[in-house]
Amino acid sequence: MIKQDIINTVQTYEEAFDWGQKYLVHYGIENSYMEAFWLLTAYRSGRNDIHSFNDLILHREKAMTIDHRDVYHRMIRERARRRPLAYILGYQEFMGMKFYVNRDVLIPRQETELLVEAATRKFNVLDKLKILDIGAGSGNIGISLAAHFPMAYVVATDISERALLVAQSNADYLQKSGQMTFWREDLIFAMDFNEKGAQNSDRNRNLLWNSFDVIVSNPPYIQSREIDSLQEEVQSEPRIALDGGPDGLRMIRRIVCEGPKFLKRGGWLFLEIGHDQGNQVYELMQKAQFNSIEIRKDYAHLDRIAIGKNG
Ligand code: GLN
């Protein structure tokens, strides 16, 4: 049995690491060794000596400061309560960059790198692309594309104001703001433009018709009834970023149907999809007159990416 107050007897980095790891194992955290290490490095202070495994070996017998010990203790306990590691650390790596994350955004996933890579392979690095990232969340997709294509311009939308704040601060931090605009929109803005008319004319949205070379999105695609049975960690992510309605396809359907209006002729749609949605999305894209449609698989050989060319 792990006593919660055992940390009070911990003095050195090595003892802390050992305690943290055992604590996480006790609470069933799978990757306890690495996670305890990351959490040990996470204390942002000049008085934290541990930034790498080498540091841990070098300083293993050194005493930690009380402050560091307290912060580490708190983080380990949060993790044992299944708070996602990325929310505790405050960042997630994606395409080799660090993205700040909090509870307002989905934590970027490794599979989504396949979506970004699919888009980067279709064009030349210096192409002046106009890219629309729908449901930007932390901004990981749009910012990665802005980084890959220095001449590209990215419009990133999200329905959540708070998510957009995160995306914007990531764009600032990663110095991509100059290539990007952030709009608070319900999926695809000009659909609303059409209905509401001049209301949104300040942004000249009518100029957006048929103007994008690329639409990219990792929309919510999980069936509503499945969400409650997902891992506890996933449940602390924003539901709105996960819930794709009764059949999981609500947002995908809208993007596929409305997307062609915003794409240039010959423009491309890149979508992340659920592991069992390949056939349905293929059909939806066919109906919407996409060409060169492809469904690609992820590392686990499950359907994950849908690609199609407009017209
Ligand atoms: N674009 C973000 C990501 O891929 C957020 C997606 C979402 O909120 N569904 O992680």
Check your understanding: In whole angstrom, how far apart do the alpha carbon centroids of segment 263-310 and segment 85-153 sit?
Key -> 19
Exercise for review: Determine the alpha carbon to alpha carbon distance for each of Lys261/Lys297; Lys130/Lys261; Lys128/Lys176; Lys176/Lys297; Lys98/Lys176; Lys264/Lys309 and list only those over 21 Å.
Suggested key: Lys261/Lys297; Lys176/Lys297
**Study point:** Protein accessible area in the chain, 1.4 Å probe - carbon and sulfur %
**Key:** 48
Check your understanding: Residue farthest toward the positive end of the dipole of the chain, with Cβ of Lys/Arg at +1 and Asp/Glu at -1: which of Val10, Met285, Gly274?
Key -> Met285
Point to revise | ³J(HN,Hα) computed for each position of segment 25-41 - Karplus, 6.51 cos²θ - 1.76 cosθ + 1.60, integer Hz, glycine/proline x | key: 4, 4, 8, x, 7, 5, 8, 4, 4, 5, 5, 4, 5, 4, 5, 5, 7
Point to revise | Ratio of Rg to Rh over the chain (Cα coordinates, Kirkwood Rh, two decimals) | key: 1.04
Check your understanding: What does the charge add up to near Ile293, with Lys and Arg as +1, Asp and Glu as -1, over the other residues with Cβ less than 10 Å from its Cβ?
Key -> -1
Check your understanding: In whole angstrom, and with the biggest value first, how far do the Cα coordinates of segment 1-133 range along each principal axis?
Key -> 59, 29, 22
**Study point:** Dipole of segment 1-109, positive direction: furthest Cα of Leu85, His68, Gln21, with charges on the beta-carbon
**Key:** Leu85
Review point. Amide H to amide H under 5 Å from Tyr221: which residues, 5+ apart in sequence or cross-chain, H placed 1.01 Å off N in plane?
Key: Gly244
Review point. If you add up the charges near Gly137, with Lys and Arg at +1 and Asp and Glu at -1, over every other residue whose beta carbon is less than 11 angstrom from its beta carbon, what do you get?
Key: -2
Practice item. Just grab the label-to-label distance for Asp186 and Ile57, each label 7 Å out from Cα along the Cβ direction, in nm (one decimal). Key: 5.8
Point to revise | Options Asn102, Thr112, Phe123, ranked by Cα towards positive dipole end of segment 77-130, top entry (Cβ charges) | key: Asn102
**Study point:** Residues whose placed amide H lies under 5 Å from that of Asn210, excluding near-sequence neighbours
**Key:** Phe262, Leu263
**Study point:** Solvent-accessible heavy-atom area per residue, rounded to whole Å², over the chain at 1.4 Å
**Key:** 49
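The values are calculated or read from the model by the stated rules, or taken from the named source; none is laboratory data. Remember, predicted model here, so these are calculated numbers, not experimental data. A quick note on method: Cβ atoms are made from the backbone with ideal geometry, for glycine too, and the neighbour counts reach across all protein chains shown. With ligands, DNA and RNA removed, areas are computed over all heavy atoms of the protein, side chains included. Shrake-Rupley method; radii C 1.70, N 1.55, O 1.52, S 1.80 Å.
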